[in-house]
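Undergrad: One structure follows; several queries about it will come next.
The values are calculated or read from the model by the stated rules, or taken from the named source; none is laboratory data. Nothing here was measured: the structure is a model prediction, and the numbers come from that model. In this analysis, Cβ positions are derived from the backbone assuming ideal geometry, glycine residues included, and neighbour counts consider all displayed protein chains. Please note that ligands, DNA and RNA were not included when accessible areas were found on the heavy atoms of the full protein model with its side chains. Shrake-Rupley method; radii C 1.70, N 1.55, O 1.52, S 1.80 Å.
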Amino acid sequence: MLTKIWTVDKTVENLYTYPQIIEAAEVLQKNEVVAFPTETVYGLGANALSDEAVNKIYEAKGRPSDNPLIVHISKMEDVDKYVEEIPEQAKKLMNAFWPGPLTVILKVKQGILSNKVTAGLPTVGIRMPNHPVALALIEASGLPIAAPSANLSGKPSPTKFQHVYKDLNGKIAGIVDGGETGVGVESTVIDCTEPIPVILRPGGTTREEIEGIIGSVGMDRQVKEEVEKPKSPGMKYTHYAPAAPMYLVDGSSAFLQETVDSMRKIGKRVGILTTDERVNTYQADLVVSCGQREQLSTVAHHLYDALRQFDQEEIDMIYGEVFPREGIGVAIMNRLLKAAGHRIIKEHTSNR
Ligand code: TXA
Ligand code: MG
């Protein structure tokens, strides 16, 4: 399939009247798949009302169809069309964070959206992205747009046009190139069907920000366990994974360097994932910074691009630093643990 590319300047006014956006929207109306930038990562969009269109998303990504998709809208009022009711807490969250990196899970209204979007669940995830290109495209199409991240299943999510192109060129009808995304990690997914909402996936809107609006919320057991007791390697699916196996190192930079040295001594080509503060202090076959440790939002922004850089070199294994699990650090560690298949090496410090 020939993949059409539309380059769009996101600072242009009235983007939804822009010829490139109108053309891309027409392709969506024909039930074809179009990738587009959002403030978090690039999405792989299709008409959420059509089984035929949504099937094409799963096919292009190679994604198991039991994993439901988020529906993207451009206007707050549109939520009512797709859900049974909007509980008070969900309303408060939407008012506080939309447009923005928060997906709310609500009870789906039967018979409107394609069943392929919800993977047969009685609920649906909805969000309004905070990106002028995404909003203009949704608006111009006049459709609710189902969109997972626009990467091949298992790969790090795309934060640049080039990432989408590498994974999906030839497999989808088009890509809207709107430059780099902003936040860099995906939206926070919060289940609002329970009396006390529960965060199912940490992301661009932090737990602290959410609790500042509606008070205490829950954290999904799986996400919590990951934080409290790292799981054994070899989980069911790998996510966000670079080509070479990755290990997280919970310890000093001297310990990380020693670990790397021991592997290089036996002939392995080793990569290190670190931050600006330490990028010049390590020795390895490839050292990549994913931002400033002192400003975790920069790490979120660069994380997936940094992970993808290891795919361009002949690297046998990657060692990465860990981050504090506060604010956006919770989402960063959630993604890093998945990328590393939950492999963590802890430095044993002796108690004198
Ligand atoms: O930032 C984002 O959310 C990006 C951009 C493109 O909007 N999208 C994204 O989609 O990350 P995806 O498909 O890669 O991740 C969607 C997540 C999955 O973890 C899925 O299981 C969860 O949302 N999800 C979707 N609908 C759900 C539902 N009804 N109940 C529970 N989880 C749901
Ligand atoms: Mg994804």
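Undergrad: Pairs only if they're at least six apart or on different chains, beta carbon under 9 angstrom, first in segment 260-279 and at positive phi, second surrounded by 14 or more Cβ atoms within 10 Å (Cβ to Cβ); list them, first residue then second.
TA: Short answer, once both residue conditions are applied: Gly267/Asp316.
Undergrad: Could you give me the residue pairs with C-beta distances under 7 Å whose first residue belongs to segment 148-160 and is part of a loop (DSSP other than H, G, I, E, B), whose second residue is within 9 Å of ligand 2 (Cβ to nearest atom) and open to solvent by 50 Å² or more (accessible area, probe 1.4 Å) wherever it lies, and which are 6+ apart or on separate chains?
TA: Gly154/His239
Undergrad: Something else now. Do we find that Thr123 is within 24 Å of Ile214 (Cβ to Cβ), within 16 Å of ligand 2 (Cβ to nearest atom) and open to solvent by less than 50 Å² (accessible area, probe 1.4 Å) in this structure?
TA: no
Undergrad: Tell me, which residue of segment 257-298 that is under 27 Å from Gly203 (Cβ atoms), in contact with a strand residue (DSSP E or B) (Cβ under 9 Å, 6 or more places away or on another chain) and among the charged types (D, E, K, R) is least open to solvent (accessible area, probe 1.4 Å)?
TA: Arg293
Undergrad: Suppose we filter Lys116, Lys75 for residues that are modelled with pLDDT of 95 or more, of a type in the set (Lys, Arg) and touching a Ser or Thr at 6+ places or on another chain (Cβ under 8 Å); which single one remains? Spell out the reasoning first.
TA: Details: Lys75 fails: touching a Ser or Thr at 6+ places or on another chain (Cβ under 8 Å).
Of the residues listed, the single one that is modelled with pLDDT of 95 or more, of a type in the set (Lys, Arg) and touching a Ser or Thr at 6+ places or on another chain (Cβ under 8 Å) is Lys116.
Undergrad: If Thr38 satisfies every condition in (1) out of contact with any helix residue (DSSP H, G or I) (no Cβ under 8 Å at 6 or more places or on another chain); (2) at negative phi but one, which is the exception?
TA: All conditions are met except number (1).
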